[in-house]
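Here the structure comes first, spelled out in C-alpha cells, and everything after it is commentary.
The values are calculated or read from the model by the stated rules, or taken from the named source; none is laboratory data. As the structure is a computational prediction, the values presented were derived from the model and not from experiment. Positions of Cβ are backbone-derived with ideal geometry, glycine not excepted, and every protein chain shown enters the neighbour counts.
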Amino acid sequence: MLKYFTFRFLSIIPMLFVVTIIIFIGLQLTPGDPLTYLIPPELLASANFDLASYKKAMGLDAPLYVQFFRWFSGMLQGKLGYSLVDGTSIATMLGHRLPATLELAAAALIISSVLGIVLGLISSVRQNSAADYGNTVIGIIGISIPEFFLGIIAIQIFSIKLGWLPVGGRLDYGESGFLSLLKHVAMPALVLGFSLTAALMRYTRGTMLDVLGKDYVKTARSKGLPEWKVIVKHAFRNALMPVILLLCFRLPMLIGGTVIIESVFGWPGMGGMLLNAVSAKDYPVVMIATMLTAFMVLLASFLVDLLTALLDPRVRFD
Amino acid sequence: MNSESDLILKVDNLQTQFHLSRRVVKAVNGVSFQMKRGRTLGVVGESGCGKSVTAHSIVQLLPKMGRIVDGSITYYSSNGAVELSKLKRNGSEMRAIRGKEIGMIFQDPMASLNPVFTIGHQIAENITQHEKISRAAAMERAVEMLTMLGIPQASTRIKDYPHQFSGGMKQRAMIALAMVCNPKLLIADEPTTALDVTIQAQILELMKEMQHKYGTSIILITHNMGIVADMADDIAVMYMGRIVEFGTVRQVLGSPRHPYTRALLQSVPVLGIAKGERLKTIRGSTPDPSDMPEGCEFAPRCDFATKQCKTVPADTDLGGGHRVRCWNCMGGLTT
C-alpha cells in the first residue's frame, strides 16, 4: 500500500505540469498583455516608441513555448520569478500572503467540520425534532446564500451595529498576539466556512440516517451495547467515510472562496494578490498563484484516496 | 406438567403497532404463546404476517415508530422472571438481557456484520460488553467459537473483515457472535433465507449442534415449511399479526386444522409432483393491515368460510396444546 501511495503522490507532479500548461495557454488567449497595462497609451501610440526593445527586455519576444519552459525550469530550481508590475520577488509576496490565507482557510475548515458534523449527528439521532428542523433551516440558508453577501451582512450586524468584532484586517495596527488574531479571523472564517458547514451537516445527517437503518446497527444493539456506543462506534464510523470524502472534495472550493472573502474582509492573503495580478496581466504571479491552488486540489484528491484506504478496510491497493 | 420452571418465555396478548405519519398498522395483534426450555419454536407465515415484528418485540429492537401497546412478554432468567415489555428500550436492564440472555441472528449475513470492524472484534465485543474479561481472553473465546462452527484457521481468520468472508462463513460468524455469551434463548430471524441451499443445510445443522451442546431454546422464524419440519419442536403459524394455529410439529404438520395452514402446506412444491400439475396457491392477497376485514381475517381468502366467519373466531383448544383460531376447525374441512 505504501508503494501505491508513493506512486500516487509522485503522480501529482506530471498532473501539475499539465495544469500549468493549461493555465499558461489560457492566459495567452485573454486579450492584452502586461505592456498594455504598464505603458501609458499615449506613449505606446507615439512614433518613436520602441516596443520591441521593451518586449525583449521582459522576455516577451521569445516564442511561447520558450517562454513557458524558461519559466517552468526556473520554477523547478526554486526561482519563482518576479512580478512584472512592480518587480517584487514572488517568493517574498508569498511569504507574506500565503500564511494569512492558510490561516483563514484552516480556521474555516476546523470550524465547519466540527460544527457541521456535530450538528448533523444531532439532527440524525433526533430526527424530526425541533433541533433537526432548526438545523435544516440553517442548512438551507448556508447552501443558498452567496458568501460575499453573507460577509457584508455579517459586517453590518456584528461590526457596525453591535461593534463586537473588527470590520476587517488580520491584526490591529501595532498589535499582535493570539487573542487579537482570533478576534479578526472569527468572522471571515465563519462566513467562509458557512456553506461547507451547511453541506457537511446535511450530508452527515443523510448518511447517518442511512447507516442507522442498516442491519449491522441492529446487530450492535442486539449485543446489548449502550446507545452512544452504537451511534458513535458502529454507525458514525461508517457514516464518516462519505463525509470525509465530501470534506476533501470541498477543500479546493474553500481555498477558492478565500479570494472573495479576503476582499470582503480586507484580509491580506493570496486572494487580493491574485485579483490584482489577473487584472494587471502579471503572468508570473498569476501562474504561481493558480498553480498553488491547483496543487491544493490535487493534494485534496490525494488525501481522499489516502483516507478512504485508511478508513475502509474494503479498499486496499495492492 | 406445564410448571413455570420449564418455561423460558411467555408471551401473552402481545400487541405491537407501527405509528406511521397518517395511519396505525397493527403488525402484531394479540399474540400469545409459551416456550419451554431447550425446545425450538418455528414461527411460519407469509411476508408481513408479523413474525419478525413479534421476534423484535421480545428484545425491543423495533424500529423507532414501532411500539408495544399491550400485552406482556415474560422472560424466565436464572434470577427470576423479567417482564421485558415493561423495560426501557435501551435501558441497562434490557441491554443486560440482549446478547447475554437472548441472542439474535438476522436474515442477511452480508448486511448484519459491520464492514469496518474485524470479525474477531465484533464477536469479542459481545463478550466484553457482558463479562469482566480481558480483550485477549475474549478474542480467544471468539476463536474457539469459530473453530467450533467449522471455520478453518480461525485464529488467523478472526483478523479478517466481513468482506473477506463468504456468505455462509458470515452467517457462521453471526451464529458465533450470537452464541458466544451462551444465551438461553436464540432468536433466528430467517437465518438461511439469504443463503445457498447447500449452505442452508450446514447452517441449520450447526444451529442444532449448538442447541444440543448448550441446551439453548430457539425461536426460528422462517417461511420455509421444510426447515420448520426439520428443525422445530413446536410450530406457530401466523397470519395478519395473529397466531392462527399452534401446536407440536406432529400436530400442526401431521393434522393441520386451520385452512390457512393447510393452504400453506399445499403450496409447497414437493419432489415427484406430476408434470404439468399446477401448484396450489392461496387466492387473493393479504389484506392491508390498516384495513382489516371484519371477523376472521383469513375469511376472504378461505375456501371454507361460512357466515360465522364474519365474527371474530375464538381460539379452540384441540387438546395437547394444539390450538386453532378457526370456527370450522372441529371438522368439516375437506379438500
I need every pair where a residue in segment A:1-19 that is farther than 26 Å from A:Ser73 by Cβ has its Cβ under 8 Å from the Cβ of a residue that is surrounded by 12 or more Cβ atoms within 10 Å (Cβ to Cβ), sequence separation at least 6 or different chains.
A:Met1/A:Ala309; A:Met1/A:Phe317; A:Tyr4/A:Phe317; A:Phe5/A:Asp305; A:Phe5/A:Leu306; A:Phe5/A:Ala309; A:Phe5/A:Phe317
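A quick yes/no check of all residues on (1) touching a residue at least 24 places away in the same chain (Cβ under 8 Å); (2) touching a Pro at 6+ places or on another chain (Cβ under 7 Å):
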residue: B:Pro109; (1), (2): yes, no
residue: B:Val116; (1), (2): yes, yes
residue: B:Glu125; (1), (2): no, no
residue: B:Thr128; (1), (2): no, no
residue: B:Ile133; (1), (2): no, no
residue: B:Tyr161; (1), (2): yes, yes
residue: B:Gly167; (1), (2): yes, yes
residue: B:Ala178; (1), (2): yes, no
residue: B:Thr193; (1), (2): yes, no
Only one of A:Gly163, A:Gly257, A:Gly177, A:Gly169 is away from every other protein chain (no Cβ under 14 Å), touching a residue at least 40 places away in the same chain (Cβ under 8 Å) and on the phi > 0 side of the Ramachandran plot, namely A:Gly169
Filter segment A:82-122 down to the residues that are polar (S, T, N, Q) and under 16 Å from the mean Cα position of the chain (by Cα) and list them by number.
A:Thr101, A:Ser112, A:Ser113
Of all residues being within 14 Å of another protein chain (Cβ to nearest Cβ) and in a loop (DSSP other than H, G, I, E, B) in segment A:292-318, which is surrounded by the fewest Cβ atoms within 10 Å (Cβ to Cβ)? Just the residue, please.
A:Asp318
Collect the residues in segment B:192-232 that are in a loop (DSSP other than H, G, I, E, B) and farther than 24 Å from B:Ala138 by Cβ, keeping them in residue-number order.
B:Thr192, B:Thr193, B:Ala194, B:Leu195, B:Asp196, B:His223, B:Asn224, B:Ala232
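Being touching a Ser or Thr at 6+ places or on another chain (Cβ under 8 Å), buried (at least 18 other Cβ atoms within 10 Å of the Cβ) and within 9 Å of another protein chain (Cβ to nearest Cβ) narrows it down to one residue among B:Leu113, B:Leu84; which is it?
B:Leu113
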Please determine whether any residue of segment A:128-142 is touching a residue at least 24 places away in the same chain (Cβ under 8 Å) and either touching a strand residue (DSSP E or B) at 6+ places or on another chain (Cβ under 8 Å) or exposed (fewer than 14 other Cβ atoms within 10 Å of the Cβ) (or both).
yes
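Among the helices (runs of 4 or more DSSP H) lying completely within segment B:90-166, list those that include at least 3 residues that are within 26 Å of the chain's Cα centre (by Cα) and over 15 Å from A:Lys218 (Cβ atoms).
Fully inside segment B:90-166 and qualifying: B:92-97, B:119-130, B:135-148.
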Among residues of segment A:88-112, those that are in a helix (DSSP H, G or I), surrounded by fewer than 19 Cβ atoms within 10 Å (Cβ to Cβ) and of a type in the set (Ser, Thr, Tyr), counted
1
Condition (residue is surrounded by fewer than 24 Cβ atoms within 10 Å (Cβ to Cβ), out of contact with any strand residue (DSSP E or B) (no Cβ under 8 Å at 6 or more places or on another chain) and more than 9 Å from chain A (Cβ to nearest Cβ)) applied to segment B:92-107: is it met by at least one residue?
no
Output the residues belonging to segment B:116-157 that are small (Gly, Ala, Ser) and either crowded, with 18+ Cβ neighbours inside 10 Å or closer than 19 Å to B:Leu206 by Cα (or both).
B:Gly120, B:Ala124, B:Ala138, B:Ala142, B:Gly150, B:Ala154
Spot the failing condition for A:Ala289; the list is (1) assigned to a helix (DSSP H, G or I); (2) within 14 Å of another protein chain (Cβ to nearest Cβ), and only one is missed.
(2)
Go through segment B:82-107 and report how many residues are farther than 19 Å from B:Gly66 by Cβ and in contact (Cβ under 8 Å) with a residue 12 or more places away in the chain.
7
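Restrict the check to segment A:2-19 and report whether at least one residue is of a type outside the set (S, T, N, Q) and assigned to a loop (DSSP other than H, G, I, E, B).
no
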Residue ID - nearest to the chain's Cα centre (by Cα), chosen from residues in segment A:234-269 that are at pLDDT 90 or above and more than 21 Å from A:Leu306 (Cα to Cα)
A:Ala235
Could you tell me which of the residues B:Ser77, B:Ser21, B:Ser3 is surrounded by 14 or more Cβ atoms within 10 Å (Cβ to Cβ), hydroxyl-bearing (Ser, Thr, Tyr) and at pLDDT below 90?
B:Ser77
Within segment A:216-234, does at least one residue satisfy the condition of being in a helix (DSSP H, G or I), in contact with a helix residue (DSSP H, G or I) (Cβ under 9 Å, 6 or more places away or on another chain) and within 30 Å of A:Leu181 (Cα to Cα)?
no
So how many residues does segment B:125-147 have that are over 13 Å from B:Ile175 (Cα atoms), in contact with a helix residue (DSSP H, G or I) (Cβ under 6 Å, 6 or more places away or on another chain) and within 13 Å of chain A (Cβ to nearest Cβ)?
3
Check segment A:147-168 and report whether any residue there is modelled with pLDDT under 80 and of a type in the set (Lys, Arg).
no
Quick check on A:Ala220: is it surrounded by 20 or more Cβ atoms within 10 Å (Cβ to Cβ), of a type in the set (Gly, Ala, Ser) and within 30 Å of the chain's Cα centre (by Cα)?
no
Options B:Leu41, B:Leu9; residue that is at pLDDT 90 or above, under 14 Å from B:Met238 (Cα atoms) and assigned to a strand (DSSP E or B):
B:Leu41
Residues (over 15 Å from B:Arg257 (Cα atoms), not in a loop (DSSP other than H, G, I, E, B) and not charged (D, E, K, R)) located in segment B:291-319
B:Pro300, B:Gln308, B:Cys309
Note on segment A:221-238: residues basic (Lys, Arg) and either more than 7 Å from chain B (Cβ to nearest Cβ) or in contact with a Gly (Cβ under 6 Å, 6 or more places away or on another chain) (or both) are A:Lys223, A:Lys229, A:Lys233
Index of the failed condition, B:Ala236 passing every other in (1) in a helix (DSSP H, G or I); (2) within 17 Å of the chain's Cα centre (by Cα); (3) among the aliphatic types (A, V, I, L, M)
(1)
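Kindly indicate whether any position in segment A:192-209 is surrounded by fewer than 19 Cβ atoms within 10 Å (Cβ to Cβ) and within 14 Å of chain B (Cβ to nearest Cβ).
Yes, because at least one residue in segment A:192-209 is surrounded by fewer than 19 Cβ atoms within 10 Å (Cβ to Cβ) and within 14 Å of chain B (Cβ to nearest Cβ).
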Search segment B:236-286 for residues being out of contact with any Cys (no Cβ under 7 Å at 6 or more places or on another chain) and basic (Lys, Arg), and hand back the single one that is surrounded by the most Cβ atoms within 10 Å (Cβ to Cβ).
B:Arg242
Count - residues of segment A:68-100 that are polar (S, T, N, Q) and touching a residue at least 12 places away in the same chain (Cβ under 8 Å)
1
